[in-house]
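The values are calculated or read from the model by the stated rules, or taken from the named source; none is laboratory data. Keep in mind it's a predicted model, so treat the numbers as computed, not measured. Every residue, glycine as well, gets a Cβ built from its backbone with ideal geometry; the counts of neighbours run over all protein chains shown. Protein only, heavy atoms only, side chains kept; ligands, DNA and RNA dropped before computing areas. Shrake-Rupley method; radii C 1.70, N 1.55, O 1.52, S 1.80 Å.
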Amino acid sequence: MHLRENAFKVSVKLVAFLASLILFQNCGVGFVQRQISSSGADDKSSGPALVVPHESLSVTPASLQAVHPIRLSYPGLIVATHYFPGWNEDEAADGNGATSPWAWSNINPTYSDRKPLQGWYKDGDPTSVLAIQNARLQIKSAAENGINLFIFNWFRRNTPNTPRSVVPALSSALHNGFMKANDSSTNVKFALNFTIESFDDSSPRMGLTIPFSTAGTSSERINEASYQLADVLYPYWRATYFGRSDYQRINGRPLILFLAVQNMLRYFGLPANQVNDPTQQKDSAIRMRAAMDAMRANAAASGDSSPLVGCSFFDFVDPGTSDQVAVQNYRYELMTTAGCDFHYDYANGAVSDRGNDLLWKTYTDLAKANSADPNMAFISALWSSSSANFGAALAGYTQLKTWDFYHQFDSSLSSPATLSVGWHDEPWGGTASEFLFYLSPKPLQSDRPESPTSYYGLLSQYLYRIQTEPTFSRVSGTPMLIVDAWNEYGEGHFIEPTEKFGFSYLEVLRYVLGNPSDRLNWPTNTQQILYP
């Protein structure tokens, strides 16, 4: 339904919606193995071949109150997913009446198979009776399939007239949805992914920047940036979020992620015409570290633990070499210098936005380095047969090898593994020339649980390594896995139940991560189960 329908129409549709759906009844789960073609894979790696049959959902306020989080087979594992809060086209993003550029109108009707099973919802709409119910349904869907942490992309609105005020942008999903709908029965927590879109305050990206001043001398800008982080943003975060019992802490420290470091460095003096200069980069990182230290000092003065900060790079060109080991070493050095506690990837940058030339390079490099690996032999067979599953199988294998690659480096800057279901960013302007893929939620031919050639195989491999390798996928010693993302419909990685995939990815999460002895007692998702 269109987001601008009046309240009467919404009410009528709500009645029909509630009458037609059935969700989460407590009963035994029968697992049905899907048939795999004799060619070794599904006919397609995306599109209709992966559409999972599903029944309609039914939601009543009473059913939403009963949340039954599953027990994980590896106790203490944090299973996190990023939440993109942009699905409310009535929420102005720049404070001047402009409409969010991420409205459902970009998805519907061209990509209407991505429609959530609960419909085209409005994130946290304070005028809608569905706001809290929608958030509760999302929390319930997550908890009953093994997810226990939502990481909300958090934007700050540009406020040029009051630059030291904090006005979140695209915040309704968190403030009017999750924070009102959640309670201790769900075992689900939340954290912030501080999203720094750009450096320029006048950026056309709807003002979703840090409104640190870009006027004045370089020294004045740097001082203002440090003040904003330590004395404006941190007190707001602490007062608004960190004190809640459902805010995620690790070893007592509130968790917060920064996306992206290269934009932060610009605020701390990295000149636009010298962004690839190592000396300038390191000097800016040192100044960023001073601001991070001031933020942590303010935390100590307020009686709270120091924030645990994760950092990520995004579209960042490193200087001096094409050697990937040297590049990653340099990135880790910059993040450590800047005061980051750990590194993370958003949607696993190792497999996102790869053009056909990089797809070929990835394949040939992996084939040379891992010629004896049976997974590589399987992918080579797909390549030789021109199977449409080649890209997806390679994407899964590449994600795993990314984490092998990261673990060559100093373990003091740890990395939680990220598992991406796919990348299909056509609604945001992506084209078929990019590396577009969906990982199959079911095993491919001969896909052993330890084989990372499908979502099932890759998740199984991640869990095995978390269980057997004390340093794999840890944050401050705590096991953490990021499954990206809950609802990035524009970028094309989403695990929220949709018409395209039903509950398939959530079912895989529950089956692989859940305690096997509890399977007969799990609440059922109303959908065909894929695994025996």
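What the table below lists for this structure:
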| read-out | value |
| --- | --- |
| For the range 214-274, accessible area per residue (1.4 Å probe, heavy atoms of protein chains only), Å² | 37 |
| Calculated Rg and Dmax of the range 123-177 using C-alpha coordinates, Å | 14.1, 45 |
| For peptides 453-463, 223-233, 141-151, sequence by mean Cβ density within 10 Å, most packed first | 453-463, 141-151, 223-233 |
| Accessible carbon and sulfur surface of the range 461-520 relative to its total accessible area, %, 1.4 Å | 50 |
| Nearest-10 value in Å² for the accessible area of LYS282, using the 1.4 Å probe | 70 |
| Cα-Cα over 29 Å, subset of LYS115/LYS140; LYS122/LYS442; LYS282/LYS368; LYS368/LYS500; LYS189/LYS500; LYS401/LYS442 | LYS122/LYS442; LYS282/LYS368; LYS368/LYS500 |
| Nearest-0.05 FRET efficiency for TYR464 and HIS68, computed from C-beta distance (R0 25 Å) | 0.45 |
